[in-house]
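Step one of this worksheet: look at the structure below.
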Amino acid sequence: MGSHKHHMELMDSVAELAIEAGILEKCEIHEVIFQNGGDITDAYKLANSKYSKGETYGFNSRGELTDAIKEVMESSDYAGDCCERCYENMG
Ligand SMILES: [Zn+2]
């Protein structure tokens, strides 16, 4: 057990990683996170290189980190392909 982060916090960190990898985007105005059609393997590669440098994002293994990336990409929270609120404002 111990002091593991909450699942939601982990998912937020993983979403940030996915944004850095260029497979998710975040609307600067509304902070809505959405998919941009990028390749998930880019995020896996970035995660691996970060993990090798000691950035574990609170996970105990590389496998857990890459599983979490997959979970984030399959999550309905980040399933949009644009910022819905910007889209509405475009009228
Ligand atoms: Zn927006």
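The values are calculated or read from the model by the stated rules, or taken from the named source; none is laboratory data. Predicted model, so just to flag it, every value in this text is computed and none were measured. Please note: Cβ atoms are built from the backbone with ideal geometry, for glycine as well, and neighbour counts cover all protein chains shown.
Out of curiosity, is residue 32 within 16 Å of the ligand (Cβ to nearest atom) and surrounded by 17 or more Cβ atoms within 10 Å (Cβ to Cβ)?
Working: within 16 Å of the ligand (Cβ to nearest atom): yes; surrounded by 17 or more Cβ atoms within 10 Å (Cβ to Cβ): yes.
Yes, satisfied.
Go through (1) within 16 Å of the ligand (Cβ to nearest atom); (2) modelled with pLDDT under 95; (3) not acidic (Asp, Glu) one by one and return the number of the condition residue 19 breaks.
(2)
Quick one: how many residues across the range 39-59 are within 11 Å of residue 73 (Cβ to Cβ), among the small types (Gly, Ala, Ser) and surrounded by fewer than 16 Cβ atoms within 10 Å (Cβ to Cβ)?
Total meeting the criteria: 0.
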